[in-house]
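The values are calculated or read from the model by the stated rules, or taken from the named source; none is laboratory data. On a predicted model such as this, the values are computed, not experimentally measured, just so you know. Every residue, glycine among them, receives a Cβ derived from its backbone with ideal geometry; neighbour counts consider all protein chains shown.
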Amino acid sequence: MKNRRIQWLVLAVVVAMLAMVAAGCGGGDKKPAAPAKPDAPKISGKLMIYTSIYPDIIEGVKPAIKKAFPDLDVQWFQAGTEKVITKLTGEIEAKKVQADLLMVADPSYYLTLKEKNLLMKYDAPNRKDVTASKDTEGYWTGVRISNMIIAYNTAKVKPEDAPKTFKELTEPKWKNKVAIPSPLLSGSAYVAVGVIADKYGWDYFKKLKDNGGKVEPGNSAIQNKLVTGEYQAAMILEENILKIMAKGEPIKVVYPEDGTIVIPSPIAIFSSTTNPEAAKALTNWWLSKEGQEAIVKGWMHAVRDDVAPPKGAPALKTFLTKGDLKPNWDKLAKQMAQIKGEFQKVMDAK
């Protein structure tokens, strides 16, 4: 009797142990808990962006940025590219750069900043989807594409009579009827002037001046005078014209046969930023599909192929390889003073 009780007791212990082993080997539905992942850094504090993007576009994008980063106080300094560069030049000399992020029109300026070790290297996750120009080392990435084109007033000029190349703007038929933006104040204009000077020489601008061609402070000034008919044709940014075309103004774009001047304006982080996590997060957001859709709402082209072109514009690939007006970014970076000086002398510009 005693031996039978001992046998039952041993059997019960064995059954219990087998049940425990079965449960530990996945016999039930429960799975071992996954190790806890470290929390992502909270994006908060302040972030200063220096940019040449137009103020109405900034206002349009603010709600989307606030939604994506509710705890981040994003501040902006907006001005034309050359004014932003002037401000930064003083801050760099004083070793007190106030900007965390830079978004201006002239890509060549980023080469200068990189050479001076003023930019932070950051290979944003969304860079893999960017098809526009980007620094191979990750110091800057194209974030918006602006195009220097020709526009004309359809109330003054018939389509068949509109200029088809930049070169035509120097012809007698356009005497006193044409304007271009100043490279002394506009980064996109600086790129355009440098490209055209490389293609046609400085004699092009001498002919333009002799033909009564005017130099305006920027693209917006030309846009307004093109609408009123003070100018019949002009070299100007595509985004300015697409915006006013959408409002029904009598203006049309010409993508020049000698080449649309394509300007993939970059975004970069200053190495001196005091909020690197926020700077990285916002850079990656601008390169996301959502960020690029915000760019397109501002009438510029996206740097990703999965985002449609702005309303009224063809796909970038339709004119990207047309003509041979291609910027030499290295030359534009290293010879800025000479190029601006030569333009100032030839066009008597201020």
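A few notes on this one:
- Filtered residues of segment 237-268 (kept if touching a residue at least 12 places away in the same chain (Cβ under 8 Å) and on the phi > 0 side of the Ramachandran plot): Gly259
- Listed by first and then second residue, the pairs with beta-carbon distance under 9 Å, at least 6 apart or on different chains, first residue in segment 105-124 and on the phi < 0 side of the Ramachandran plot, second crowded, with 21+ Cβ neighbours inside 10 Å and among the acidic types (Asp, Glu), are Asp106/Glu82.
- Output for segment 290-304, where each listed residue is over 17 Å from Ile58 (Cα atoms) and not in a loop (DSSP other than H, G, I, E, B): Arg304
- Filter result for the condition that a residue is at pLDDT 95 or above and either in the same structural domain as Gln223 (by TED's automatic domain parsing) or in contact with a strand residue (DSSP E or B) (Cβ under 8 Å, 6 or more places away or on another chain) (or both), over Ser133, Ser146: Ser146
- Here the condition is being free of Cβ contacts under 8 Å to residues at least 60 places away in the same chain and under 22 Å from Val104 (Cα atoms); of Lys128, Lys158, Lys134, it holds for Lys128 alone.
- Selected residue (criterion: surrounded by the most Cβ atoms within 10 Å (Cβ to Cβ)) from residues of segment 254-270 that are within 17 Å of the chain's Cα centre (by Cα) and small (Gly, Ala, Ser): Ser265
- Glu239 vs. criteria acidic (Asp, Glu), over 22 Å from Tyr54 (Cβ atoms) and touching a helix residue (DSSP H, G or I) at 6+ places or on another chain (Cβ under 9 Å): no
Residues are listed down the side, and each one gets a yes or a no for (1) part of a strand (DSSP E or B); (2) under 19 Å from the mean Cα position of the chain (by Cα); (3) surrounded by 16 or more Cβ atoms within 10 Å (Cβ to Cβ); (4) not assigned by TED's automatic domain parsing to the domain that holds Tyr255:
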{"site": "Ala281", "(1), (2), (3), (4)": "no, yes, yes, yes"}
{"site": "Asp306", "(1), (2), (3), (4)": "no, yes, no, yes"}
{"site": "Pro309", "(1), (2), (3), (4)": "no, yes, yes, yes"}
{"site": "Ile339", "(1), (2), (3), (4)": "no, no, yes, no"}
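- Test: residue in segment 57-68 that is touching a strand residue (DSSP E or B) at 6+ places or on another chain (Cβ under 7 Å), at pLDDT 95 or above and exposed (fewer than 15 other Cβ atoms within 10 Å of the Cβ): no
- Residue that is farthest from Trp202 (Cα to Cα) [pool: residues in segment 319-330 that are surrounded by fewer than 15 Cβ atoms within 10 Å (Cβ to Cβ) and modelled with pLDDT of 90 or more]: Asp330
- Note on segment 208-253: among residues that are polar (S, T, N, Q) and either assigned to a helix (DSSP H, G or I) or at pLDDT below 95 (or both), the one that is surrounded by the fewest Cβ atoms within 10 Å (Cβ to Cβ) is Thr228.
- A Cβ distance below 6 Å, combined with a sequence gap of six or more or placement on separate chains, defines the contacts here; from segment 285-313, residues that are closer than 22 Å to Ile149 by Cα reach residues that are among the charged types (D, E, K, R) in the pairs Gln292/Arg304; Ile295/Arg144; Trp299/Glu239; Trp299/Lys243; Met300/Arg144; Met300/Glu239; Arg304/Asp129; Val307/Glu293.
- Some residue of segment 75-84 being more than 17 Å from the chain's Cα centre (by Cα) and either part of a strand (DSSP E or B) or small (Gly, Ala, Ser) (or both): yes
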